[in-house]
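Working notes, beginning with the structure itself.
The values are calculated or read from the model by the stated rules, or taken from the named source; none is laboratory data. Just so you know, these numbers come straight off a predicted model, no measurement behind them. We place every Cβ from the backbone using ideal geometry, glycine too, and count neighbours over all the protein chains shown. To get the accessible areas, we keep the full protein, side chains included, count just its heavy atoms, and leave off ligands, DNA and RNA. Shrake-Rupley method; radii C 1.70, N 1.55, O 1.52, S 1.80 Å.
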Amino acid sequence: MPLTEPMKPTPNSPPELAPLLVFGAHPDDIEFGCGGVVAGETRAGRAAHLVLCSRGEAATQGTPAERTAEAQQAAALLGATLEFIELDGDARLEVRSAHAIKLAGVIRRARPGIVLAPSLVDNQHPDHGRLGQLVRDATRLARYGGVAELREWPAHSIGQLFYYAVTLEAEPAGITPVLLDVSAPEILAAWTAAMEAHVSQNRGRNYVELQLTRARLHGMRAGVGHAIPLFPNDPLVLGSFAQAGRGARRF
Ligand SMILES: [Zn+2]
């Protein structure tokens, strides 16, 4: 399989349907952390591209080849395209400017409206928080015209950066989340199937049930079936209260 697969060009996408770009440190992180959001967006007509920064080669369960195949199947179930990029490898990721520049190149190619990355919480797999930092830096570098390594592609400003939590423990305590309602049956089914595609990881623990239960709890907070929390890196800007939706409290 080629290391990078080309993105479908989407230069004329309306801004509200600009592609979704999601970064994961390991082959299952995106599905477990925010797969329902990806499934919901692709079913609403938005292109989604997943970028994985290792093949899970340090894992106890599953070979890199198995993990790669599972990730490809999961991405297809979510309706997303997938590419792998080489950084330092599983359990070896370091925060370095060269990596942030490389990820900025991915952002310039994909030209996303929304970018999702693992949360910055420290007490989780060290690759998760480090990748979150790298993606945060990359979103900034992607719009800087003078970075020599990036001149191949035009500069790009994303609309929003959100963090997802791969596990409950990775949900940042100090950021009020945005709750994405994923309770539509077809979205929930696609998300569940994409998580189940990671057969090697589900051998050790019932991660699917764990994530569905977490989403059920967030859903109950908001009066919907299941919801996935995303944590904005910056204050969200609204044009008017018409875009504000409603709060989870339900008053
Ligand atoms: Zn992971």
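Inside the range 158-188, residues that are among the hydrophobic types (A, V, I, L, M, F, W, C), in a helix (DSSP H, G or I) and within 12 Å of H226 (Cα to Cα) make up a count of 2. The residue of the range 13-51 that is surrounded by the most Cβ atoms within 10 Å (Cβ to Cβ), among those that are of a type in the set (D, E) and more than 11 Å from the chain's Cα centre (by Cα), is E41.
The rows are residues; the columns are (1) within 16 Å of the ligand (Cβ to nearest atom); (2) open to solvent by less than 50 Å² (accessible area, probe 1.4 Å); (3) under 30 Å from R205 (Cβ atoms); (4) touching a strand residue (DSSP E or B) at 6+ places or on another chain (Cβ under 7 Å).
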position	(1), (2), (3), (4)
T60	yes, no, yes, no
A71	yes, yes, yes, yes
A76	no, no, yes, no
A98	no, no, no, no
G105	no, yes, no, no
A117	yes, yes, yes, yes
W153	no, no, no, no
I158	no, yes, no, yes
V166	yes, yes, yes, yes
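Tell me whether the range 206-226 contains one or more residues that are farther than 26 Å from A248 by Cα and open to solvent by less than 30 Å² (accessible area, probe 1.4 Å).
no
When D122 is tested against (1) part of a loop (DSSP other than H, G, I, E, B); (2) open to solvent by 70 Å² or more (accessible area, probe 1.4 Å); (3) more than 16 Å from the ligand (Cβ to nearest atom), exactly one condition is not met: (3).
Inspect the range 49-60 for any residue being at pLDDT below 95, in a loop (DSSP other than H, G, I, E, B) and closer than 19 Å to G132 by Cβ and give the result as yes or no. Yes, there is a match, as at least one residue in the range 49-60 is at pLDDT below 95, in a loop (DSSP other than H, G, I, E, B) and closer than 19 Å to G132 by Cβ. Among residues of the range 24-37 that are among the polar types (S, T, N, Q), none has a Cβ under 8 angstrom from a residue that is assigned to a helix (DSSP H, G or I) and near the ligand (Cβ under 7 Å from one of its atoms) at a sequence gap of 6+ or on a separate chain. Residues in the range 168-194 that are within 17 Å of E41 (Cβ to Cβ) and within 16 Å of the ligand (Cβ to nearest atom): A194 alone. Which number in (1) open to solvent by 40 Å² or more (accessible area, probe 1.4 Å); (2) within 26 Å of G113 (Cβ to Cβ); (3) not basic (K, R) marks the one condition that V199 misses? For V199, the failing item is (2).
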